[in-house]
1. Treat every Asp and Glu Cβ in region 60-217 as -1 and every Lys and Arg Cβ as +1, leave all other atoms uncharged, and give the resulting dipole magnitude about the Cα centre to the nearest 20 debye.
2. With only Lys, Arg, Asp and Glu charged, each at its Cβ (+1 for the first two, -1 for the last two), find how big the charge dipole of region 151-303 is about the Cα centre; round to the nearest 20 debye.
3. Sorted by mean Cβ packing within 10 Å, highest first, what order do the peptides 208-220, 272-284 take?
4. Kindly rank 254-260, 163-169 from highest to lowest mean number of other beta carbons found within 10 Å of each residue.
5. Taking a ≥ b ≥ c as the square roots of the Cα gyration tensor eigenvalues, with a/c under 1.5 meaning rounded and otherwise prolate when a/b beats b/c, else oblate, which class fits region 46-122?
6. Hey, any idea what Rg/Rh is for region 151-303, computing Rh the Kirkwood way over Cα pairs?
7. Calculate, for residue 87 and residue 49, the FRET efficiency according to 1/(1 + (r/R0)^6) with r their C-beta to C-beta distance and R0 25 Å; round to the nearest 0.05.
8. Among 207, 285, 299, whose Cα lies farthest out toward the positive end of the dipole of region 151-303, if unit charges sit on the beta carbon of Lys, Arg (+1) and Asp, Glu (-1)?
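Values in this text are rule-based calculations from the coordinates and carry no lab data. Every value quoted in this text rests on a predicted model; they were computed, and no experiment measured them. Glycine gets a Cβ as well: all are built from the backbone with ideal geometry, and neighbour counts include every protein chain shown.
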Amino acid sequence: MTQIKAAGVWIGDERSMKSLLTLLALGLALVTVGCKKPVASLPAPRTYEVKGIVRSLNFAEHQVIIQHEDVPGFMPSMTMPFAYRSLQEVEALSVGDAISFRLAVDDRNSWIEGVRKVDAATVNLPKDSMPVAPTVKVERLKEGDALPDFALTDDRSQPITRATFARKPLLLTFIFTRCPVPNFCPLMSRNFAEIRKELAEHDPADAATAQFLSISFDPTFDTPERLAEYASHIATDRGGWHFACGVPEEIARLTKAFSVYVQPESGTIVHGLCTALVAGDGTITRIWRGNSWEPSEVVAAIRTLTPNPNLAGNGK
Ligand SMILES: [Cu+2]
């Protein structure tokens, strides 16, 4: 079951995906029965019929980047990554193909299904839609590199820099509070909350030491006040968890350093994801890209940075 991702991103070949899907369905059914609700009451995902143009294919991360039409009642036309569940439906696609698909959204995930090629003339993109940003080659920070210094402001309106987190393990990620896609920024924040909960339950010393930083790449909207409001919905106790904003140049510098694709478009932001673990000496020890990582693997990585003889052998 370790291969099942909370994000609904699938690892493995399609047969194992199917069996995993079955296991997940069974697991959900059991949980639901445990909650004394009939299986049939599992909320059905909301679905939207959408058309768009394939802009990129990322089979490694189980995503198709699609420039899509307006999705009335959900989001405006934009170019963004979509998770798929059936490789069969997308493996024959090429960049530039016009497609129709069903966008399914539930509380935790969004994905596309029923993908079909259609006549490009039937795809209704806004006339002023911006061209897709070229993929710029950037020098990525790698595992083993030093965390660059930065100057940000947190949700308590306090200045924070690399020195704020010195000598303590730091887990950082990039989000924006208006993100409408449940398995992107909202998932990152849920995962951080889960990691903190796991640490607090099993390794109180680690929980007290580890620091967390969610950096917004929406500098014109995410003010310290908005971040504080957002944070209050995510964690009641957020000691050691900072939500940060900064001037656009500083945010751009950081997102580029961590190779987080950020493209403002049609009132929202098309973006990638990057989560990094920094050791107390400032070394970036791990980088997770995308949304398919598990809180438990991050917890394990944090534990390796906080050797505490009193907790040796506490492998829970
Ligand atoms: Cu997002």
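1. Numbers: 17 positive and 22 negative charges, 57 e Å.
With only Lys, Arg, Asp and Glu charged at Cβ, the dipole is about 280 debye.
2. Working: 15 positive and 18 negative charges, 55 e Å.
Approximately 260 debye in magnitude.
3. On the way: 208-220: 21.2, 272-284: 19.5.
So the peptides 208-220, 272-284, ranked by packing, come out 208-220, 272-284.
4. On the way: 254-260: 19.4, 163-169: 15.7.
By packing density, highest mean first, the sequence is 254-260, 163-169.
5. On the way: a/c = 1.55, a/b = 1.09, b/c = 1.43.
It comes out oblate by the Cα gyration axes.
6. Numbers: Rg = 14.3 Å, Rh = 15.4 Å.
Reported Rg/Rh, Kirkwood definition of Rh: 0.93.
7. Values: r = 22 Å, r/R0 = 0.86.
Here the calculated transfer efficiency is 0.70.
8. Final value for the positive-end residue is 285.
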